[in-house]
């Protein structure tokens, strides 16, 4: 049995990453290196106001004095920040007409299964396509504008809605929040911006598709979503990158603000290149994501399916400031080969009757290491706060690992906390049961793993739930015997 | 139907089966009784191909096809069905999805068209009502949070849906109340016909009050030491197994 396990696991590891191709495109790229001049140059290209440049420079000053965090359960060679290029963009300018977009880039998105042609798009999904450091195009902008919804690239928002950017940028993740957030604040190049006005229920799913293409380039995008009073938005991001031998850095920031009675649902399907089976190459994914339930009765829900990246370091969090506000975190994280994931969430209860739910499913195969790190903080004035945490891990094979680090800090005695954690191997007995019913090994594995992830997949918008399910199936094909 | 010759099997270097010979022709119900640890459940598992056991010698064939080296799923597709003593839970996997996948794996193997969801549902509903189960049973996760009785009924539901050639019931009667026992027996009686076979592994006579066996085998220390008719069962109920020991 063990030999057979190993054989099939090995077979999986040989599987090719479907999105690993590169696009040959004429680009503008900064020389490697990072100093004030680079930031000034970047800010100038973006035609940014002085206050924003100052904000970046302040972050940069702080970042220089900070040191890379070492508490995470991940191992990697030190990153040489001076060897990276901080800006890479296809030469032609962003244009609202698809006719002006480089056909190579359109083809890239087609190959990824993302059509930027509105006519061909899945009905009800608007896309902002970010290619390396810039946004290529945003679909359904006009349709959304009819509802007063702003959905555009971050750079455009700086030009067209400077008052909103100035008000909210850094309001949830301060520029100097942590090492990677400070770096992002100094050098972020683009990303998506969403504003949903009062009382509007966004009529379609909004999504951003991130693609890293250029070599030796960091991708530092910034997403800001503001849901005004009584509004609702469901947002999804997807990510892929070519297969390259060297590691690439992705350090993003996502800030969400939910006003009174507003709901933001944020889903991620992360499938960055994970490196080859020797652990060579792959994306270093150091991401800071945080939402603020600013108003009463507001709700922020994070759902993530993390299958890619050599290293994943992310903790989408919710600050429940408003009374009766709700924070949720649903996560499926898969590590195989030599992938390492240290991911989880932080739920900070400030308002009264605030409620948070954490459901995580870690799946480790090959030599993958999967760590759940989650914090629940109930502040002094958070009367009747409630948290439910459930962290389940499943191991496939005997060379992988699952680790759980829950941190709980309760300052108000009325809090109700529940925590459950399980770790199990994908059971030989479960496989035997399925096989005995005539179900093949591969089908049995995907059936068991999908069953394991069900609670999280149910949180994804329908069309993406199907995509996530397929992604898990492809990722784990032949991973057990 | 099934022919087992000189079967020896071990687990963790401990020999459990020490030369089993057993033949069950089509249309017959056989019973194996024996003490705890005599190797009854091991035999059931080895027939199904459970890889936790090492096969040391002997052979198993189904309808003249040698299945000794076959994988678990291929044996299943050849018609072997094991009613588990302790059916394992698979959280998040719905009964309907699981059962239809299993059924269609068999149908595909038999060269039949796969059954669509509607046809499957209609088919399953009939069986469910005979087993006294609600339709909502199909929406639950396999064996997850099932009571003892529900687990065994779920096994019988699967047996009747897949309709294999040989049903091996591994202590399906243990831990059941009288009503559940009757339901299980009813299901098995519905299943059996002149073209298939049943192997019942049990400790007790009570299931045999409802299902009449053709042959009874008594097993001691990895061997079948006595075969005969129902009178053997009565003798065991009365005298236990010690009279069989040399």
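When each of B:175, B:145 is tested for being surrounded by fewer than 16 Cβ atoms within 10 Å (Cβ to Cβ), at positive phi and more than 14 Å from chain A (Cβ to nearest Cβ), the lone residue that passes is B:175. Taking strands (runs of 3 or more DSSP E) as the structural unit, those lying wholly within the range B:132-227 and holding at least 3 residues that are under 30 Å from residue B:104 (Cβ atoms) and in contact with a strand residue (DSSP E or B) (Cβ under 8 Å, 6 or more places away or on another chain) correspond to B:166-170, B:197-202. For residue B:120, the conditions (1) at pLDDT 95 or above; (2) more than 12 Å from chain A (Cβ to nearest Cβ); (3) assigned to a helix (DSSP H, G or I) are fulfilled apart from (1).
Taken over the range A:272-293, the residue count meeting the criterion of being touching a helix residue (DSSP H, G or I) at 6+ places or on another chain (Cβ under 7 Å) and surrounded by fewer than 24 Cβ atoms within 10 Å (Cβ to Cβ) is 1.
Can you find a residue in the range A:380-401 that is surrounded by 22 or more Cβ atoms within 10 Å (Cβ to Cβ) and at positive phi? Looking for residues that are surrounded by 22 or more Cβ atoms within 10 Å (Cβ to Cβ) and at positive phi, one finds at least one in the range A:380-401, hence yes. Just one of the listed residues (A:410, A:449, A:376) is in contact (Cβ under 8 Å) with a residue 24 or more places away in the chain, within 11 Å of another protein chain (Cβ to nearest Cβ) and touching a strand residue (DSSP E or B) at 6+ places or on another chain (Cβ under 7 Å), and it is A:449.
Does the range A:177-187 contain any residue that is modelled with pLDDT under 95, on the phi > 0 side of the Ramachandran plot and in contact with a strand residue (DSSP E or B) (Cβ under 6 Å, 6 or more places away or on another chain)? No. Whether any residue in the range A:459-471 is within 10 Å of another protein chain (Cβ to nearest Cβ) and at pLDDT 75 or above is what I want to check. No; the residues of the range A:459-471 include none that is within 10 Å of another protein chain (Cβ to nearest Cβ) and at pLDDT 75 or above.
The residue that is modelled with the highest pLDDT, among those in the range B:2-37 that are at positive phi and part of a loop (DSSP other than H, G, I, E, B), is B:27. Within the range B:34-66, which residues are closer than 17 Å to residue B:13 by Cβ, more than 11 Å from every other protein chain (Cβ to nearest Cβ) and surrounded by fewer than 21 Cβ atoms within 10 Å (Cβ to Cβ)? Result: B:37, B:55, B:56, B:57. Considering the conditions (1) within 14 Å of chain B (Cβ to nearest Cβ); (2) assigned to a loop (DSSP other than H, G, I, E, B); (3) at pLDDT 90 or above, residue A:383 is excluded by exactly one of them, (1). Taking the criterion of being assigned to a helix (DSSP H, G or I) and either more than 19 Å from residue A:440 (Cβ to Cβ) or away from every other protein chain (no Cβ under 11 Å) (or both), the residues of the range B:95-117 that qualify are B:95, B:96, B:117. Of the residues making up the range B:38-61, those that are assigned to a strand (DSSP E or B) and over 17 Å from the mean Cα position of the chain (by Cα) number 6. Residues that are surrounded by 23 or more Cβ atoms within 10 Å (Cβ to Cβ) and at pLDDT 95 or above within the range A:222-232 comprise A:224, A:225, A:226, A:227, A:231, listed in sequence order.
Quick check on the range B:76-88: of everything there that is at the interface with another protein chain (Cβ under 8 Å from one of its Cβ atoms) and part of a loop (DSSP other than H, G, I, E, B), which residue is surrounded by the fewest Cβ atoms within 10 Å (Cβ to Cβ)? For the range B:76-88, the residue satisfying everything is B:88. Selection of the range A:426-442 for residues being at pLDDT 85 or above and more than 7 Å from chain B (Cβ to nearest Cβ) yields A:431, A:434, A:441.
From the set of residues in the range A:136-149 that are in contact with a helix residue (DSSP H, G or I) (Cβ under 7 Å, 6 or more places away or on another chain) and touching a residue at least 40 places away in the same chain (Cβ under 8 Å), which is surrounded by the fewest Cβ atoms within 10 Å (Cβ to Cβ)?
A:140
Kindly indicate the residue of the range A:302-357 that is assigned to a loop (DSSP other than H, G, I, E, B) and at pLDDT below 90 and also nearest to residue A:388 (Cα to Cα) among those meeting that condition. Going through the qualifying residues, I end up with A:307.
Within the range A:253-267, the set of residues being surrounded by fewer than 24 Cβ atoms within 10 Å (Cβ to Cβ) and closer than 13 Å to residue A:287 by Cβ comprises A:255, A:266.
Considering B:214, B:221, the condition of being closer than 20 Å to residue B:17 by Cα and in contact (Cβ under 8 Å) with a residue 40 or more places away in the chain is satisfied by B:221 alone. Within the range B:68-83, how many residues turn out to be touching a strand residue (DSSP E or B) at 6+ places or on another chain (Cβ under 7 Å) and more than 14 Å from residue B:51 (Cβ to Cβ)? Within the range B:68-83, residues that are touching a strand residue (DSSP E or B) at 6+ places or on another chain (Cβ under 7 Å) and more than 14 Å from residue B:51 (Cβ to Cβ) number 5.
The values are calculated or read from the model by the stated rules, or taken from the named source; none is laboratory data. Computed from a prediction, not measured in an experiment: that's the story for all the values here. For neighbour counting, all protein chains shown are included, and Cβ atoms are generated from backbone atoms with ideal geometry for every residue, glycine included.
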